[in-house]
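Q: Quick one: this structure, given as structure tokens, is what I'll be asking you about.
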Amino acid sequence: MTELGDILRRAREDQGISQRALARRSGIAQPAISRIERGAESPSFERFSFLVSCLGLKPSVELAPLPYRGDREAARDVLERSPSERLAGAVKDAEIARDLRHRGLAGER
């Protein structure tokens, strides 16, 4: 899964715009843009959309159903991964859970 910060950085670089220039265009401090691009800060979709619009772009979202593979197939898939891949997946799952908890506490739905 691609993070919003990665998308923002690639879009900014594709436009040939520095973080400083994006900061001037958006009114958002350059260190904040840097934190978003590094993944140290997760922007709301509204903030992300605003930054992208300052690059002359409009984000779009696509939703697709996840394939159902059943518990045995999912377990087999996990066991075929290396320990480092399983650990990376667990870390990513924990980050997703943290973000969901944070949004629930913040009242975002």
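Any read-out appearing in this document is the output of simple, stated calculations on the displayed coordinates, not a laboratory observation. Fair warning: this is a prediction, and the values are worked out from it, not measured in the lab. Glycine gets a Cβ as well: all are built from the backbone with ideal geometry, and neighbour counts include every protein chain shown.
Q: Can you list the equivalent-ellipsoid semi-axes of the chain, largest first and in whole Å, using the square root of 5 times each Cα gyration tensor eigenvalue?
A: The answer is 32, 16, 15 Å, longest axis first.
Q: Among the GluC sites (Glu not before Pro) in region 21-96, which ones are in a DSSP loop with at most 12 other Cβ atoms within 10 Å of the Cβ? Mind listing them?
A: Filter output for region 21-96: Glu62.
Q: Continuing with this model, one more query. Going by how many other Cβ atoms sit within 10 Å of their own, how do Ser18, Ser26, Ser84, Ser60 line up, fewest first?
A: Ser60, Ser84, Ser18, Ser26
Q: Can you list the trypsin sites (Lys or Arg not before Pro) in region 39-76 that are in a DSSP coil and have 13 or fewer other beta carbons within 10 angstrom? Each step should come with its number before you reach the end.
A: Details: sites: Arg47, Arg69, Arg72, Arg76; in loops: Arg69.
Counting only loop positions with at most 13 other Cβ atoms within 10 Å, the trypsin sites (Lys or Arg not before Pro) in region 39-76 are Arg69.
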